[in-house]
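Encoded as structure tokens, the structure appears first; notes follow it.
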Amino acid sequence: MMLTALGLMSGTSLDGVDVALIETDGKQVKAFGPSGYRPYSPAERNLLRQALSEAVHLAQRDARPGVLAEAERAVTLAHAEAVAAFVAQNRMKPEDIDIVGFHGQTVLHRPEKRLTVQIGDAPALARAIHIPVMHDFRAADVEAGGQGAPFVPVYHRALAHSLEREGPIIVVNIGGVSNITYIDGNDTLIACDTGPGNALLDDFMYRTMNQAFDADGKLAALGKADEAWIARALELPFFVSPPPKSLDRNDFAALKLGDVLPADGAATLTAFTAAAIARIIPLLPRRPRSWIVCGGGARNRTMLQMLRERVGSATVEAAEAVGWASDAIEAQAFGFLAARGLKGLPLSYPGTTGVPMPMTGGVIARP
Ligand SMILES: Nc1ncnc2c1ncn2[C@@H]1O[C@H](COP(=O)(O)OP(=O)(O)OP(=O)(O)O)[C@@H](O)[C@H]1O
Ligand SMILES: CC(=O)N[C@H]1[C@@H]2OC[C@@H](O2)[C@@H](O)[C@@H]1O[C@H](C)C(=O)O
């Protein structure tokens, strides 16, 4: 049965809520619908930054001490507004949508402690938008001993199915954190986080330039990357470990650049992201031939160029170039995952999160 699924994603970049509609049976994507975006205001972003720093002390996934309760209300409200605006703009009615896939906002990810925390009140959202909401996608995986991330690989596989590119194909998402999906034929699906995405660079841009990000990679293009710093950073055990593996947004926050010019700092952090992504190559069964880059980092030309320089003769294309809507992919993925969850299909696999067996997931909240 085909479902109309609306996916909602609030990623680690803390930039806003992505919304995207797809028609799917949970196995294939029959059609892409419209997408939308509801940015967080500067005040909401600050609240989320504060929530992330307070969340490091959490021991239970449903506890909301301190600022976390207020942050959760803000996240829920922003999502309700995002859906209301989307439905109105596209002249839809709530009944036109079968299921909403609501990721929430990750504030802490500690799979080794079987703990991953996404804030966002799904029952309240379902009541506000009058549509069933599937949420808590990562919990069952982490409880079963999986990494709890990444979860988009099943969707990347569905997208790559109709792509005529030489394999192995690797889909890279450069969001706040970067993650890859490695697809070789129908049987091999391997995935993991690779290291920083834009988060370190965004935090640096915010501190030194009072800007949210390095638009198009312009500042980094003017600087010189500190290759020795990058080589040292890549010696951290995370980069040497084979997949599956996953990260918390702030896992690399302790890496300090020292006193550098803004352009050199931006160049170093951009090159670090690219080098960390390419560091996955020797940890894969075969060398990828085709790289497809999605997420906000696909818009950073310097980042794409730095990745090209590190992947040998393989091709590197932005998702848009192969006809995918780069900014909507993660939101589409959570619509797809909601449809799969409804049908009891696996969301994660031993090769994607290290969970002992293929695992379905998601919890439903009805209006
Ligand atoms: N034009 C641009 N030039 C350079 N960088 C950009 C541009 N547009 C977006 N970005 C970067 O992309 C980031 C947002 O990416 P995206 O929306 O994929 O992240 P996310 O979904 O929050 O993260 P994650 O995938 O980790 O959950 C911004 O914070 C910024 O760093
Ligand atoms: C715990 C968590 O929210 N992780 C995010 C984060 O952002 C990118 C990367 O780290 C990825 O592992 C994941 O998001 C995507 C949507 C995923 O699960 O595939």
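The numbers here are math on the coordinates, done by the rules we state, and not lab data. All of these numbers come straight from a predicted model, not from anything done at the bench. We place every Cβ from the backbone using ideal geometry, glycine too, and count neighbours over all the protein chains shown.
In this structure the amide hydrogen of Thr194, modeled in the peptide plane, comes within under 5 Å of the amide hydrogens of Ser178, Asn179, Ile180, none closer than 5 places in sequence on its chain.
Please report the relative contact order for segment 161-322, taking Cα pairs under 8 Å with a sequence separation of at least 6, and give it as a percent rounded to a whole number.
Averaging sequence separation for qualifying contacts and normalising by length gives 30 percent for segment 161-322.
A compact globular protein would have a Cα radius of gyration near 2.2 N^0.38 Å; the ratio found for segment 272-329 is 1.09. What is segment 76-190 by shape, rounded, prolate or oblate, if you read a ≥ b ≥ c off the alpha carbon gyration tensor as root eigenvalues and call it rounded for a/c under 1.5, prolate for a/b larger than b/c, and oblate otherwise? Oblate is the answer for segment 76-190, as a/c is 1.5 or above yet b/c matches or exceeds a/b.
Diffusion coefficient (Stokes-Einstein, Kirkwood radius over C-alpha pairs, 20 °C, 1.002 mPa s) for segment 1-145: 136 µm²/s, rounded to a whole number. The convex hull defined by the C-alpha atoms of segment 161-322 has an orientation-averaged projected area of 8.9 nm². Rounded to whole numbers, the Karplus 3J(HN,Hα) couplings from phi for segment 343-357 are 8, x, 7, x, 9, 9, 9, x, x, 9, 10, x, 5, x, 9 Hz, using 6.51 cos²θ - 1.76 cosθ + 1.60 with θ = phi - 60°, and x at Gly and Pro.
Near Asp121, the amide H atoms lying under 5 Å from its own belong to Thr76; only residues 5 or more places off or on other chains count, and H is placed 1.01 Å from N. Taking label points 7 Å from Cα along the Cα-to-Cβ direction, Leu261 and Tyr206 give a separation of 2.6 nm. Quote the FRET efficiency, to the nearest 0.05, computed for Arg286 versus Arg127 with a Förster distance R0 of 51 Å and r equal to the Cβ-Cβ distance. The calculated FRET efficiency here is 0.55. Amide H contacts for Leu347 (H built 1.01 Å from N in the peptide plane; partners 5 or more residues away or on another chain; cut-off under 5 Å): Met359, Thr360, Gly361. Couplings 3J(HN,Hα) for segment 10-19, derived from phi with the Karplus relation 6.51 cos²θ - 1.76 cosθ + 1.60 (θ = phi - 60°), are 10, x, 6, 6, 6, 8, x, 9, 8, 10 Hz, where x marks Gly and Pro. Only helices enter this figure: runs of n ≥ 4 DSSP H residues, each worth -39500 (n - 2.57), summed and divided by the residues of the chain, yield -10000 deg cm²/dmol at 222 nm to the nearest 500. Dividing the C-alpha radius of gyration of the chain by 2.2 N^0.38 Å, with N its residue count, gives 0.93.
Note on Lys224: lysines with a C-alpha under 25 Å away, same-chain residues under 8 apart excluded, are Lys256.
Across segment 23-38, coupling constants 3J(HN,Hα) worked out from phi with the 6.51/-1.76/1.60 Karplus curve, θ = phi - 60°, read 9, 7, 9, x, 10, 10, 9, 7, 7, 9, x, x, 10, x, 8, 10 Hz, and Gly and Pro carry x. Given R₀ = 30 Å, FRET efficiency for Asp187-Arg49 by Cβ-Cβ distance, to 0.05? So, using R0 = 30 Å, E works out to roughly 0.10. Starting from the Cα of Met1, step 7 Å toward the Cβ, then list every residue of segment 84-107 with an amide N under 15 Å from that point. Within reach of a label on Met1: 96-100.
Separation of segment 79-115 from segment 1-30 is 8 Å, based on Cα centroids. With each label modelled as a point 7 angstrom along the Cα→C-beta vector, the Gln305-Glu235 pair spans 3.0 nm.
As a rough footprinting exposure proxy, the listed residues Phe238, Phe86 were ranked by other beta carbons within 10 Å of their own, and the order from fewest upward is Phe238, Phe86.
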